[in-house]
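This report refers to the structure that appears directly beneath it.
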Amino acid sequence: MTTANPLSYLSEQLESWRKAGTYQRLRVLESPCEPISRFDGREVINLASNNYLGLADHPKLVEAAVEATKKYGAGSGAVRTISGTMSIHMELERRIARFKNTEACVVFQSGFAANAGTVSAILTPDDHIISDALNHASIIDGCRLSKAKIHVFPHKDTAKADEILRDLAGANGRKLLITDGVFSMDGDIGPLPALVEIAERHGAIMMIDDAHSSGVLGRNGRGTVDHFGLHGRVDIQVGTLSKAVGVLGGYVCGSRDLIEFLYHRARPFLFSTSHPPGVAAACMAAFDILEQEPERIEQLWSNTRYFKSILQNAGFHTGESETPITPIMVGEAKTAHAYSAGLFENGLYATGIGFPTFPEGRARIRTIVTATHTPEMLDRAAEILTRVAKNMGILR
């Protein structure tokens, strides 16, 4: 007897994506993550990574990872709450807390886990979340997992956020106001000063996801809170160890009680094996570089300004970007994916992103400049972007 494939609907969906031109095949990195990297057997200028400061293959990080692996082994052998909390994990958490000027810190296995685990842990169905419409997927998933009531305000519309909290003044439950520090697809900076004032006025918990701000904004890359001078006024700061820091993981900084609570209730923390010691050691080496080599961040911003000016002079629409994340708006998802493929064939890797990440008509190529790109690389990247865009009719 032949049994029908119960997963056949997945094949049908994949085929529909292929026909629509939105199917994406994974590119395989065959070299260190560098300004010029090898993907799928081809050397290309890499404008697709989050390696903002070029630390992913920095010799000091590699050396620290190797030494810690020799000393402690390849893995910890358990989750943090059983036998997997190693001295090197505690040292990393203390180091991050000092860097971020907070009482304490907890490290998660990823930035996604940090966001989703924190929001779902500290709230209940009786509570309320006031969230920016363009907040990261990990925030959205954490909100859903918490089962709290979700109130979405239009992107960066602080007046609407204030209005929502004002209307909730008599409602039961706690209120959490949450925003990205830098929005990962548009590259604009969240209006944190205004949101902090709103949270304080209404007695709400203030939370920020600083994943794309860590290592990019603030003194030595301390993030959006430092950038705006708001230390002590943001209750929960989420960051990442996977982007500018160049390694892997996420973290949450805040009060000692917040961190102790997350030790007890954050499900990703409770049910995931802790970081390999080599990862923790490499992260600490990265924080050494952040504090000792501020010129890396200065170079990142110099490159960012240079590249944006080239793109804008060429006639590209780069949206509202204020950071190294610079989108090139192209309209439809099919166009974005075709453009990305054409760029790759011409020696440039930059990712096409469209529906369902964005509404129809708002697809883009996302470019990310790093501190280690040279002006010659950026000139060449802009030339490829312009030539392929003109060939496709994206630029006239």
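The values are calculated or read from the model by the stated rules, or taken from the named source; none is laboratory data. For clarity, every value in this text was computed on a predicted model and none was experimentally measured. FYI the Cβ positions are ideal-geometry reconstructions off the backbone, even for glycines, and counts take in every protein chain you see. The accessibility values were calculated without ligands, DNA or RNA, using every heavy atom of the protein model including side chains. Shrake-Rupley method; radii C 1.70, N 1.55, O 1.52, S 1.80 Å.
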Index of the failed condition, residue 338 passing every other in (1) within 19 Å of the chain's Cα centre (by Cα); (2) touching a residue at least 60 places away in the same chain (Cβ under 8 Å): (1)
Residue identified as without any contact (Cβ under 8 Å) to a residue 60 or more places away in the chain, open to solvent by less than 10 Å² (accessible area, probe 1.4 Å) and aliphatic (A, V, I, L, M) among 139, 129: 129
Residue match in the range 216-224 (condition: open to solvent by 20 Å² or more (accessible area, probe 1.4 Å), touching a residue at least 12 places away in the same chain (Cβ under 8 Å), among the hydroxyl-bearing types (Ser, Thr, Tyr) and in contact with a helix residue (DSSP H, G or I) (Cβ under 8 Å, 6 or more places away or on another chain)): no
Of residues in the range 153-164 being among the charged types (D, E, K, R) and open to solvent by 60 Å² or more (accessible area, probe 1.4 Å), the one nearest to residue 188 (Cα to Cα): 156
Residue in the range 61-78 that is in a loop (DSSP other than H, G, I, E, B) and buried (at least 19 other Cβ atoms within 10 Å of the Cβ) present: yes
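This table checks each residue for (1) modelled with pLDDT of 95 or more; (2) of a type in the set (A, V, I, L, M, F, W, C); (3) in contact with a Phe, Trp or Tyr (Cβ under 8 Å, 6 or more places away or on another chain).
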position	(1), (2), (3)
16	no, no, no
21	no, no, no
33	yes, yes, no
38	yes, no, no
61	yes, yes, no
Every residue from the range 272-295 that is part of a helix (DSSP H, G or I) and open to solvent by 50 Å² or more (accessible area, probe 1.4 Å): 288, 291, 292, 295
The range 1-39, residues that are touching a residue at least 24 places away in the same chain (Cβ under 8 Å) and of a type in the set (D, E, K, R): 27, 34
Output for the range 227-274, where each listed residue is among the aromatic types (Phe, Trp, Tyr) and touching a residue at least 60 places away in the same chain (Cβ under 8 Å): 251, 261, 263, 269, 271
Filter result for the condition that a residue is under 20 Å from residue 190 (Cα atoms) and at pLDDT below 95, over 150, 140, 130: 140
Which numbered condition residue 245 misses (of (1) assigned to a helix (DSSP H, G or I); (2) among the β-branched types (Val, Ile, Thr); (3) under 26 Å from residue 54 (Cβ atoms)): (1)
Residue identified as at pLDDT 95 or above and crowded, with 22+ Cβ neighbours inside 10 Å among 230, 168, 195: 195
Qualifying position, being assigned to a helix (DSSP H, G or I) and among the hydroxyl-bearing types (Ser, Thr, Tyr), among 52, 23, 9: 9
Criterion: open to solvent by less than 20 Å² (accessible area, probe 1.4 Å) and in a helix (DSSP H, G or I) - qualifying residue of 45, 88, 82: 88
Some residue of the range 305-315 being open to solvent by 20 Å² or more (accessible area, probe 1.4 Å), touching a Gly at 6+ places or on another chain (Cβ under 7 Å), modelled with pLDDT of 95 or more and of a type in the set (D, E, K, R): no
In the range 114-126, the residues that are surrounded by fewer than 22 Cβ atoms within 10 Å (Cβ to Cβ) and either among the aromatic types (Phe, Trp, Tyr) or in contact with a Gly (Cβ under 8 Å, 6 or more places away or on another chain) (or both): 120, 124, 126
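So that you can scan it fast, the table gives a plain yes or no per residue for (1) surrounded by 18 or more Cβ atoms within 10 Å (Cβ to Cβ); (2) in contact (Cβ under 8 Å) with a residue 40 or more places away in the chain; (3) in contact with a helix residue (DSSP H, G or I) (Cβ under 7 Å, 6 or more places away or on another chain):
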site: 346; (1), (2), (3): no, yes, yes
site: 353; (1), (2), (3): yes, yes, yes
site: 357; (1), (2), (3): no, yes, no
site: 363; (1), (2), (3): yes, no, yes
site: 376; (1), (2), (3): no, no, no
site: 380; (1), (2), (3): no, yes, no
